[in-house]
Amino acid sequence: MTGRVAVVTGGTRGIGAAISMMLHDKGYKVAANYGGNDERAAKFTEETGIAAYKWDVSGFAACQAGIAKVEGDLGPVDVLVNNAGITRDGTMHKMDHEMWQAVIDTNLGSCFNMSRCVIDGMRQRGFGRIVNIGSINGQAGQYGQVNYAAAKSGIHGFTKALAQEGAAKGITVNAIAPGYIDTDMVAAVPEPVLEKIIARIPVGRLGKASEIARGVAFLVNDDAGFVTGSTLSINGGQHMY
């Protein structure tokens, strides 16, 4: 349904930007949240016409203020895509507490912060769509990413629990677990390592951000009301379970 308000966290870069643009093209009123890069966000808005809103999704008060601003500008939030994420990689014996906590707070804590800020309104209106972006590494684990894997794995449990709470109120909650996608984050991986990663993907290539965005567009559609508590794996066959 066109005209619904959608918030996409981490929505001005990479997978988030593709999601924001996909929903915008389908008629949603999109608010693209971002955390730090003002120049990149301004360029994104200039190129797409999608409004960008800056706040730190790891802080609950910041999320409350951010959602209040979006709803004042665009209207009640019908769709939430929890996409924001960071990495602070390192093996356990080299990982300090800040590296752990920053990833947990941003990648997993933000799902609570943002969902809590919109859930009451969704319940009152009898409609809501929440999509949480997990990861193949939250399903299968990954060397040097105990923080990231824990946060992303937590997202999948969060999704299943909240789906049960929202179902009777017309709110669906689903997750997407991307594999390795051709984004700036993956592009920063050294070429020899990237070649090994691609060699493990049965379809023989990295995924495209637009392929994740199409999955989101399906899950947030009004017609997807019978799909809830699910995790859609989009990983080229790299991990199946």
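Points to keep in mind about this one:
- Label zone (R116, point 7 Å along Cα-to-C-beta; backbone nitrogen cut-off 20 Å) within region 67-83: 67-71, 77-83.
- Residues K169 and A61, FRET efficiency given R0 of 25 Å [Cβ-Cβ distance, rounded to 0.05]: 0.45
- On a per residue basis, the convex hull of the C-alpha atoms belonging to the chain measures out at 123 Å³.
- Our helix-only sum for the chain, with -39,500 (n - 2.57) per DSSP H run of n ≥ 4 divided by its residues, gives a mean residue ellipticity at 222 nm of -14000 deg cm²/dmol.
- Annotation: extensible slack from Y143 through E98 equals 14.3 nm (criterion: 0.36 nm per residue apart, minus Cα-Cα distance).
- Among D120, D182, the order by Cβ neighbours within 10 angstrom, fewest to most, reads D120, D182.
- Taking label positions 7 Å along the Cα-Cβ direction at both K160 and R125, the computed distance is 3.0 nm, reported to one decimal.
- Residues in region 31-42 carry Karplus couplings, in order, of 10, 9, 7, 8, x, x, 8, 4, 5, 5, 5, 5 Hz; the curve used is 6.51 cos²θ - 1.76 cosθ + 1.60 with θ = phi - 60°, and Gly or Pro positions show x.
- Modelled FRET efficiency - R0 22 Å, K208 with K54, Cβ distances, 0.05 increments: 0.25
- R0 of 30 Å, Cβ-Cβ distance E195-K26: FRET efficiency to nearest 0.05: 0.25
- Taking the chain as the region of interest, the number of lysine pairs whose Cα atoms are within less than 19 Å, with members eight or more places apart or on different chains, is 9.
- Of the residues L80, L194, the one with the fewest other Cβ atoms within 10 Å heads the list, and the complete ranking is L194, L80.
- Dipole size of the chain about its Cα centre, with +1 on Lys/Arg Cβ and -1 on Asp/Glu Cβ: approximately 480 debye, rounded to the nearest 20.
- Here the chain is scanned for trypsin sites (Lys or Arg not before Pro) in DSSP loops (not H, G, I, E, B) that have at most 13 other Cβ atoms within 10 Å, and the longest stretch holding none of them is 1-199.
Bear in mind that the values in this text are calculations on the coordinates, not laboratory data. Bear in mind the structure is a predicted one, so any value in this text is a computation, not a measurement. So basically every Cβ, Gly included, is an ideal-geometry build from the backbone, and we count neighbours across all protein chains shown.
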